[in-house]
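Colleague: I'd like to ask some things about the structure below.
The values are calculated or read from the model by the stated rules, or taken from the named source; none is laboratory data. Keep in mind that what you see is a predicted model, and the values were worked out from it rather than measured. Here the Cβ is made from the backbone with ideal geometry for all residues, glycine too, and neighbour counts use every protein chain on show. To get the accessible areas, we keep the full protein, side chains included, count just its heavy atoms, and leave off ligands, DNA and RNA. Shrake-Rupley method; radii C 1.70, N 1.55, O 1.52, S 1.80 Å.
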Amino acid sequence: MRCIIGIIFFSFFFLPVKSQIADSIVVELKAINKSVFDVPCCSDNGRVISNRAMNIFLADKTGYVSESNDLSLYTNYVTLNTAEGKFTINHNFQKATGMDEPIKKLLSIAVSANVANSFAATFLDKKFENELGFTANYKWLHKVKTHFSGCSQKQAMDVFRTAIVHSLEIEMKKRATDFLNAIDKTDTAEIPGQNMAVAKSLAVQNFYNELKETYEERFATLQAEKLTQTNNFNLVSTGWTSVTVYIPLIFPPYTIASTVATPFNEQHPYPLKLTFQHTRLWESSKKGRLFFTIGGNLLFNNTKLSYALDKTDIATYKNLGGTDTIHLAQLNNSKVYIGNYSTFITPALTGRLVYYPPSSHIGVSFLIEQNFGKYNLLNGRLGIPIVLINRKKTPAVNVEFYIHFFDMNHSVSEDKKYGNNTSVGLGIGIPFSRLMY
């Protein structure tokens, strides 16, 4: 009897109330649409899509990910840099807040390890080997500005966006009606031993939770796709500022002797690194896409990392009259260094420019880095970034082939070098998992 009463209560009260949830979702989408529509064109500036739609639009435009601290609007992404031999796994922490809020802050945590030494081991005795590190990155995302060639572009997007709302309304209500009819026809004979009222209530609740999430995301995605398809804008500009802290968890010690006549000692470096960066992005429908990044960093450096020590091996050490041959013979590491070991702070300034022509997934990049103090090297990089697109026509993999120019101001003496000043490298960035919007 209780079961029958529960079913009657569910059928006559709960289902009609729940059916109103679909209407409330539509009301929410229409409110978002109106908030965009109400922003005036202001001659050449305004809004054409919702904030979450713009997040999705920019996720495609920021598909250039070549380094761990680059911006990715996906939950996870990995990077590989052959110049440093580093493989990094990154995770973004971000939850959608409010009805249509833009992403304003982004915390990223990463773990990196040395997995490839092809460049690092052969070129200038680079420092990255048997290394494991932790990175924390915090970004402040700036306001997005959309500029038009004329208000007709915004007016066209207003029409498209409103049509999307109505099409989703029709689709959503039909889907809700079909589900409720199916639930209403379910009886105790098909699922014996259950309280039908409770079971149906849970099923309907889960359905509407999923329906709300699905259509909020579809509304944002369809807007972003339409803006990309029509190019109903002249320029979209934005930027982000970030601070990054790199903490080495495991780092190989150095075997160093002051002179060939003194015994070897192990020195344990701690190359902590703090980086500040600011990036501007301009996406033009006619001129292409431009990234400009300027930054600075502080590295807890030492004389080994700055190439101030002489690298040697057992045979060379003996020929030079080295006295600590027994200790040297017991070492598993063939790399030992002669010279005075010390630590110091190295500041550096960097600038990077990346350009993609209109409708092109192949671009060009330039990077310059000037270090100061005891380690005052000037380094450069010329690259060709290529964004590979998946079947959904969204960025899947970023591959950058580049030429690395090391020590362009010739501050490292020739006897400290172990290779040429020019080398070919590869950077790979792969975003995956859920897109944050």
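Colleague: In whole angstrom, how far apart do the alpha carbon centroids of the range 24-83 and the range 269-295 sit?
Modeller: 18
Colleague: Okay, moving on. Residues in the range 279-306, backbone N under 14 Å from the label point at residue 149 (7 Å along the Cα-to-beta-carbon vector): list them, ranges by number please.
Modeller: Answer for the range 279-306: 284-288.
Colleague: With the Cα gyration tensor of the range 203-243 giving a ≥ b ≥ c as the square roots of its eigenvalues, does the rule (a/c under 1.5 for rounded; else a/b larger than b/c for prolate; else oblate) give rounded, prolate or oblate?
Modeller: It comes out oblate by the Cα gyration axes.
Colleague: Counting Lys +1, Arg +1, Asp -1, Glu -1, what net charge surrounds residue 79 among other residues with beta carbon under 14 Å of its beta carbon?
Modeller: -3
Colleague: Calculate, for residue 212 and residue 405, the FRET efficiency according to 1/(1 + (r/R0)^6) with r their C-beta to C-beta distance and R0 51 Å; round to the nearest 0.05.
Modeller: Details: r = 53 Å, r/R0 = 1.04.
Efficiency computed from Cβ-Cβ geometry: 0.45.
Colleague: Where only protein heavy atoms count, and the probe is 1.4 Å, what is the accessible area per residue for the range 126-187 in Å²? Before the final figure, lay out each step's value.
Modeller: Working: 3220 Å² over 62 residues.
Roughly 52 Å² per residue, with all protein chains present.
Colleague: Efficiency by 1/(1 + (r/R0)^6): what FRET value for residue 343 and residue 198, r their Cβ-Cβ distance, R0 = 60 Å, to the nearest 0.05?
Modeller: Given R0 = 60 Å and the Cβ-Cβ separation, E is 0.35.
Colleague: Taking the Cβ-Cβ separation of residue 94 and residue 364 as r and a Förster radius of 35 Å, what is the calculated FRET efficiency to the nearest 0.05? Before the final figure, lay out each step's value.
Modeller: Details: r = 31 Å, r/R0 = 0.88.
Between residue 94 and residue 364 the formula returns 0.70.
Colleague: How much length, in nm to one decimal, is gained on full extension between residue 185 and residue 132, taken as 0.36 nm per residue of separation minus their Cα-Cα distance?
Modeller: 13.2 nm
Colleague: What is the distance, in nm, between label points placed 7 Å from the Cα along the Cα-to-Cβ direction at residue 290 and at residue 38?
Modeller: Taking the simple label geometry, residue 290 and residue 38 are separated by 3.6 nm.
Colleague: Accessible area per residue of the range 240-323 at 1.4 Å probe, in Å²?
Modeller: Per residue, the range 240-323 has an accessible area of 47 Å².
Colleague: Explain nothing, just the number: relative contact order of the range 240-396, from Cα pairs under 8 Å at least 6 residues apart, as a whole percent.
Modeller: 21
Colleague: Roughly what would the spin-label model give for residue 280 and residue 376, points 7 Å off Cα along C-beta, in nm?
Modeller: Here the modelled spin labels are 3.0 nm apart.
Colleague: Then there's this: Please turn the phi angles of the range 268-283 into ³J(HN,Hα) values with the Karplus equation 6.51 cos²θ - 1.76 cosθ + 1.60 (θ = phi - 60°), one per residue in order, whole Hz, x for glycine and proline.
Modeller: Here the 3J(HN,Hα) series is 9, x, 9, x, 4, 9, 10, 10, 10, 9, 9, 10, 10, 10, 10, 10 Hz.
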